[in-house]
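Beneath this line is the structure, given in structure tokens, with notes to follow.
The values are calculated or read from the model by the stated rules, or taken from the named source; none is laboratory data. Keep in mind that this is a model prediction, so the values were computed, not measured. Using ideal geometry, Cβ is built from the backbone for each residue, glycine included, and neighbour counts are taken over all protein chains shown. The area values use the complete protein model at the heavy-atom level, side chains included, leaving out ligands, DNA and RNA. Shrake-Rupley method; radii C 1.70, N 1.55, O 1.52, S 1.80 Å.
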Amino acid sequence: QVQLVESGGGWAQPGGSLRLSCAASTSTFSVLDMGWYRQTPGNPRDLVAQILSTRHTYYPNSTKGRFTISRDNDKNALYLQMDNLKVEDTAVYYCKASLGSRVYWGQGTQVTVSS
């Protein structure tokens, strides 16, 4: 069982930055594939950034060049640095961990971008 707790959400102006963190309670963090997703009301949860256990990263076009995902295996932590934020980045952001067919989600943290 993996428990994930996100933090760092809040409000930012367009063009601003926020950094999200996800703390994982597991002794097997280094072998987990990790990702950040976001969701707005009435819409499915969309991938924001992914970092595999190999440290290979992937970003969809919507976040490429603005967001940076990283992990610290010694601290069992996942991060998302979000720069040049846009109003359309407003959403609840979720941390996801996966190992084979097992998938774990955090409770989410709200990010609001507005002027």
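Points worth noting:
- R0 of 35 Å, Cβ-Cβ distance ASN43-LYS75: FRET efficiency to nearest 0.05: 0.65
- The orientation-averaged shadow of the Cα convex hull for the range 64-114, equal to a quarter of the hull surface, comes to 4.6 nm².
- Surface calculation, 1.4 Å probe, protein heavy atoms: TYR79 sits at approximately 40 Å² accessible.
- Excluding ligands, DNA and RNA, the accessible surface per residue across the chain is 52 Å² with a 1.4 Å probe.
- Positive-end extreme of charge dipole, the chain - chosen from ASN73, GLN110, PRO41 (charges on Cβ): ASN73
- Within a Gaussian network of the chain (alpha carbon springs, distance under 10 Å), most fluctuating of PRO41, PRO60, PRO14: PRO41
- Computed over the range 9-62, the ratio Rg/Rh where both radii use C-alpha atoms and Rh is Kirkwood: 1.01
- When the solvent-accessible area of the chain is split by element, carbon and sulfur atoms take up 47 percent of it, the probe being 1.4 Å.
- Two-site FRET efficiency, THR112 against THR26, from Cβ-Cβ distance with R₀ of 41 Å, rounded to 0.05: 0.85
- Equivalent ellipsoid of the chain: semi-axes from √(5λ) of the C-alpha gyration tensor, largest first, are 23, 14, 13 Å.
- Antiparallel bridges, percent of DSSP beta bridges restricted to the chain (to nearest 5): 95
- Across the protein chains, with a 1.4 Å probe defining accessible surface, the residues ARG71, ARG45, ARG102, ARG55 rank ARG102, ARG55, ARG45, ARG71 from largest area downward.
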